[in-house]
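In what follows, a structure is listed as structure tokens, so that the remarks can point back to it.
Just so it is clear, none of the values below were taken in a lab; they were calculated from the coordinates. What you see is a predicted model; the values in this text were computed from it and never measured. Cβ placement follows ideal geometry from the backbone for every residue including glycine, while neighbour counts extend to all protein chains displayed.
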Amino acid sequence: MTGIDWLILGLYFAFVLGIGVALKGSMKTSTDFFLAGRAIPAWVCGLAFMSANLGAQEVIGMGASGAKYGIATSHFYWIGAIPAMVFVGIFMMPFYYGSRARSVPEYLRLRFDEKTRGLNAISFAIMTIFSSGISMYAIAKLIQTLHVFDGVFQRLGLNRAWIFDFAIIISAIVVLVYTFLGGLSSAIYNEVLQFFLIVAGFLPLSYLGLKNVGGWSGLKAALGPSYTHSWAGLRYANTNRLGVEWFGLVMGLGFVLSFGYWCTDFLVVQRAMAAKSMSAARRTPLIGAFPKMLFPFLVILPGLIAIALPTQPAIPPHARVVVSAEPPGKGIIPLKVDATSGQPMLDKDGKPQLDYDLAVPSMLLHYFPPGMLGLGLTALLASFMSGMAGNVTAFNTVWTYDIYQSYIRPGATDAHYLWMGRASTVFGIAFSIAAAYMANRFNNIMDMLQLVFAFVNAPLFATFLLGMFWKRTTGHAAFTGLLAGTAAAAIHHGLTLPAGAVFGIKGGWLAVTHTYPSEMAQNFWTAIYAWSTCFVVTIIVSLITRAPEESKLVGLVYSLTPKPEEEPLAWYARPASLAIMVLAGTVLLNIIFW
Amino acid sequence: MGIDIRLPLGILFLLLGLTLVAYGALSDPSLYQQSLGINVNLYWGVVLLIFGAMMFILSRRAAARPETIPQSPRSSSH
């Protein structure tokens, strides 16, 4: 990093904090703080809806998957996001927004009962803390690996071992300041800023990379068909790089996981709840879907280019880093090096592993001169912050409304809850920092936690689907269904194993009755089993428990809610038109990259 | 509520654009060997400058007529 890069990073920080300061004065009630006063225009919410999910892990991880699996990674966008974003906008938002629930768990309270809300609120609160901790850990690790602060630390005579701590503390403080001051509005406005920065930082990267390898046709020639087709090999699991067959992909990723995330996760739904009107809330996910549809070209493509380039030392001399005499990786992706021994890590066949997570960062260092490099690294930091702020704002809302106000201290003044919102922002971030250090020390615990979260999340969409569209669904049924679904996920995981893995964290801890061709296939099928179990159990228990009173379900269930009134909007701006446009675009992209 | 995000967005991108353009114009051309001989700072700086100016103008136009609902065109998001 040279002076110009620091200048760009500094400019960004100044604006991010400035937005927080500018909004400080307008935080008068808890609704202002937690729901942005329900006054944000649709396009702002839409971009925030998309960026809250666009954490650093997404940017780094999608680039890594691009290098590993090729353009088929775009299934995570085109199958794994767009249909669900359209569904939540068209069909579910009328109930989320229309019920005036302040959070997703609160919707469950209104629709079902207290215990279903409690289950969801508590598991969600714990999950957001850990995922923000894990992403904080990831970004600090990345900063350490890229040696971006090494020059400064050397000049100031500081120990380079502190870079990890420095990166964690700095990013946490910045997110803390702006969410503490401006609450959800500040997070949303910053997410818009971050969205444009991410585009500004990554678009030239894709352009330069693509130009260098001779365009898409050059990329095809360099990598071969397995990298450059998204559907062609999906008939069988062993004929494509993902190791999943089409049914597992479409049902597991495209239906269960995707709808479970985009339609029920408060982190994203909160952005739509902040919209200024019902129509704006419904358009929020639809507007977010447009950039989402095109993001594979920004985040996946660089990964493919990184693996396609001729093998060479990854880091240009001006970056002022310690270039060691490591053996080359593939493309510009370096080998994965064991932190303690300094030796390349080997896979089960004894071949050195590639550090795919460095695909995108290596691309930045490879193509960007000082100036643009600053912008690219700022984009990376921006993506990290938008993801973290998403977690923090979702956490403080669920904590304050669904846990504190419901179980710890009901009936306090609004000012007290506003205060609690600020306080929980502080301790939420403090817990995240603790989680980040835990991830650093005990990798296995984190892997296990993430596994448990996956079990908890997998059945969620079945509960919401039945709750919103079948008025007979009861609270007892929802609660039992969720528990049964989670148990089914755990049992399925315990009985199966991905090919080549040893039993334990990867599965098979009960007995190995089935071997999946890949871990991804196992994940997708775990989700399918969890969802189906929850769906069936919820229906059965609903039928044997007492039906809920219909008068209490108005505004919460499809058949008992009047159709939302359409605002007078131009034809192209109506929710249905947006949905058709984005779906048509997605189909077209799938055909082009078949 | 609070602010029209297009104003800070516009100003930030104007400043980023100016910085990159100035640096691109003054820096040593050999710097751009790694970016395929393209002065990315200069060219991309100009793009950011235009985007920033657009956002700035849009926010000022909206502020000039405060009575109308700032129903922003979706095109501004692309």
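Here are a few things to note about the model shown:
- Distance between modelled label sites at A:Thr145 and A:Tyr558, nm, 7 Å Cα→Cβ extension: 4.4 nm
- Projected label points at A:Ala576 and A:Lys211, each 7 Å from Cα along the beta carbon direction, are separated by 4.5 nanometres.
- Given chain A, longest segment not containing exposed loop GluC sites (Glu not before Pro) (DSSP; at most 15 other Cβ within 10 Å): A:1-548
- With coordinates expressed along the principal axes, the C-alpha atoms belonging to region A:454-562 extend over 55, 25, 16 Å, beginning with the largest.
- Cleavage-rule hits, trypsin sites (Lys or Arg not before Pro), region A:488-576, DSSP coil, Cβ neighbours within 10 Å at most 13: A:Arg546
- Helix-only CD estimate at 222 nm, as mean residue ellipticity for chain A, using -39500 (n - 2.57) per DSSP H run (n ≥ 4): -20500 deg cm²/dmol
- For chain A, the relative contact order works out to 27 percent when only alpha carbon pairs closer than 8 Å and six or more residues apart are counted.
- Site pair B:Val47 and A:Asp414 shows an inter-label distance of 4.5 nm when each label is modelled 7 Å from Cα along Cα→Cβ.
- Cβ-Cβ FRET estimate between A:Ala430 and A:Trp6, R0 fixed at 35 Å, reported to 0.05: 0.80
- Within region A:211-274, trypsin sites (Lys or Arg not before Pro) in DSSP loop having at most 12 other beta-carbon neighbours inside 10 Å: A:Arg235
- Ascending count of other beta-carbon atoms within 10 Å, so fewest first, for A:Ser518, A:Ser258, A:Ser217: A:Ser217, A:Ser518, A:Ser258
- The fewest-to-most ranking of A:Trp470, A:Trp399 by surrounding Cβ atoms within 10 Å reads A:Trp470, A:Trp399.
- Efficiency of FRET between A:Leu495 and A:Asn444 - r from beta-carbon atoms, R0 25 angstrom, step 0.05: 0.75
- Pairs over the 18 Å Cα-Cα cut-off, from the set A:Lys68/A:Lys336; A:Lys330/A:Lys506; A:Lys68/A:Lys351; A:Lys330/A:Lys351; A:Lys471/A:Lys563; A:Lys211/A:Lys292: A:Lys330/A:Lys506; A:Lys211/A:Lys292.
- Amide N of region A:241-265 lying under 20 Å from the label point, which is placed 7 angstrom from the Cα of A:Thr515 along Cα→Cβ: A:241-245
- For A:Ala39, the amide hydrogen comes within under 5 Å of no other amide hydrogen, counting only partners 5 or more places away or on other chains and with H modelled in the peptide plane.
- When the inverse distances between all different Cα atoms of region A:1-71 are averaged and flipped, the Kirkwood radius reads 15.5 angstrom.
- Sequence of A:Cys263, A:Cys534 once ranked by neighbouring C-beta atoms within 10 Å, starting from the fewest: A:Cys263, A:Cys534
- Percent of Cα-Cα distances greater than 37 Å, calculated over the protein assembly as shown: 35 percent
- Between the beta carbons of A:Ala14 and B:Arg60, assuming R0 = 30 Å, the FRET efficiency works out to 0.90 to the nearest 0.05.
- Applying 0.36 nm per residue to the separation of A:Ala161 and A:Ala487 and subtracting their alpha-carbon distance, the gain on full extension is 113.1 nm.
- Every Cα-Cα pair in region B:6-65 was counted, and those over 18 Å apart are 42% of them.
- Note that region A:439-452 has calculated 3J(HN,Hα) couplings of 4, 5, 7, 10, 4, 5, 4, 5, 4, 5, 4, 5, 5, 4 Hz, one per residue in order, obtained from phi through the Karplus relation 6.51 cos²θ - 1.76 cosθ + 1.60 (θ = phi - 60°); glycine and proline are x.
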